[in-house]
Amino acid sequence: MSRLLIWLFFATLSLILLLQLRGIDAPLAAVTPGGIVAYELAFTTERAREILDSWRIAGVTESARVSLGVDVGFLLVYPWFFRWSVLLLRQPRFTRPGSTMDRAGAALGATVLACTPLDAAENWALWRMIDVGPSATLAALAGAAASLKFLLIAVTTGWCLTVLSRRLLSSSSAPSHG
């Protein structure tokens, strides 16, 4: 199977799951600005408790459980979308083999897969706080794992956009033969 087809598979599945998550998270975001992401990044017992209390009062805690359940499928897919995006963009028409961008892409393409265990640890901590109540350890674990995950996603996305923009700029600045 070609790299493009594999990328398309992961891109499509990631998009479907992302749209599902946005719909499931809507009731949470209506109660708490930032929704589930605010809960992921609560970092403290007090903030996690505030969020959970507001969700319980609003009757949307089950949406958080469902979101975390769907996110288990998502965490198995989106890191591979990013991995295959990087692999496609490391081809010679986008990056010069052995260049700094190429080497950075190689590192990111492998490292972005760490989003899976980071997201899994984050989800476990968030589920535990729903079930047994917030604790400093669980809130800090969820926040740290989420922060690292979001950092990896942001850096990988930035790398991909930089490579694409360089390619578009070099294509548009090439003289036309006409």
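General remarks:
- By the beta-carbon count within 10 Å of each Cβ, the least crowded to most crowded order of 102, 131, 53, fewest first, is 131, 53, 102.
- Nearest-20 debye value, the stretch 69-143 charge dipole, Cβ charges on Lys, Arg, Asp, Glu: 500 debye
- Principal axis box of the stretch 3-168, alpha-carbon based, largest edge first, Å: 55, 28, 23
- Burial ordering of 155, 132, fewest other beta-carbon atoms within 10 Å first: 132, 155
- A simple spin-label model places the labels of residue 50 and residue 30 2.2 nm from each other, with each point 7 Å out along Cα-to-Cβ.
- Local electrostatic count, residue 159, Cβ distance below 14 Å [Lys/Arg +1, Asp/Glu -1]: +4
- Net charge dipole size for the chain [Lys, Arg +1 and Asp, Glu -1 on Cβ; Debye, nearest 20]: 900 debye
- Counting only DSSP H runs of at least 4 residues, each contributing -39500 (n - 2.57), and dividing by the residue count of the chain, the helix-based mean residue ellipticity at 222 nm comes to -27000 deg cm²/dmol.
- Applying 1/(1 + (r/R0)^6) with R0 = 41 Å to the Cβ-Cβ distance of residue 127 and residue 167 gives a FRET efficiency near 0.45.
- Rg/Rh for the stretch 75-123 (Cα atoms only, Rh after Kirkwood) is 1.08.
- Positive-end residue of 9, 57, 42, charge dipole of the stretch 1-68 with Cβ unit charges: 9
FYI, it's all coordinate maths here, none of it is from the lab. Computed from a predicted model, the values in this text were never measured in an experiment. As a convention, Cβ positions derive from the backbone with ideal geometry for all residues, glycine included, and neighbour counts pool all protein chains shown.
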